[in-house]
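Chemist: The structure under discussion is supplied below as structure tokens; questions concerning it will follow.
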Amino acid sequence: MSVVNMLQAKSSLSRLVEAIEQGQEHEIIIARNGRPAAKLVPVDAVPAGQRIGLAKGKFEVPDSIDTHNEEVARLLMGVAQS
């Protein structure tokens, strides 16, 4: 991992990107005023993150899905059944 300041990054961006593309660097930290501000990484190395709606249309939710909500809440809260 290399750390470069903002001025270096601005003046040598092509070289930095080339180093990432060729695998010479796995990540390059760009610092502003000595503090990390950004990270340059290969596109494939960027985590996908949570994708909302990924399973949409993959299964059906039954109408009765909320039937046992109160029982589940009691179990989670440790409340004895009456």
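Chemist: Which of the lysines could a cross-linker bridge to Lys10, judged by Cα under 23 Å and excluding same-chain residues fewer than eight apart?
Modeler: Cα-Cα hits under 23 Å: Lys39.
Chemist: Glu70 versus His26, label points 7 Å from Cα toward the beta carbon: distance in nm?
Modeler: So the label points at Glu70 and His26 sit 5.4 nm apart.
Chemist: Could you list log10 I(q)/I(0) for region 1-53 at q = 0.15 Å⁻¹, which the Debye formula gives when each Cα is one point scatterer?
Modeler: Results for region 1-53 at q = 0.15 Å⁻¹ read -0.44.
Chemist: Sticking with this structure for a sec: So with the 1.4 Å probe, I'd like the accessible area per residue for the chain, rounded to whole Å².
Modeler: Heavy-atom SASA per residue in the chain reads 91 Å².
Chemist: Right, something else. Could you please state how large a percent of the accessible area of the chain is carbon and sulfur, counting protein chains only and using a 1.4 Å probe?
Modeler: Carbon and sulfur together cover 54 percent of it.
The values are calculated or read from the model by the stated rules, or taken from the named source; none is laboratory data. These numbers were taken from a predicted model, which means no experiment stands behind them. Note that we place each Cβ from the backbone using ideal geometry, even for glycine, and neighbour counts take in every protein chain shown. The protein model used for the area step is the full one, side chains on, heavy atoms only, and it has no ligands, DNA or RNA in it. Shrake-Rupley method; radii C 1.70, N 1.55, O 1.52, S 1.80 Å.
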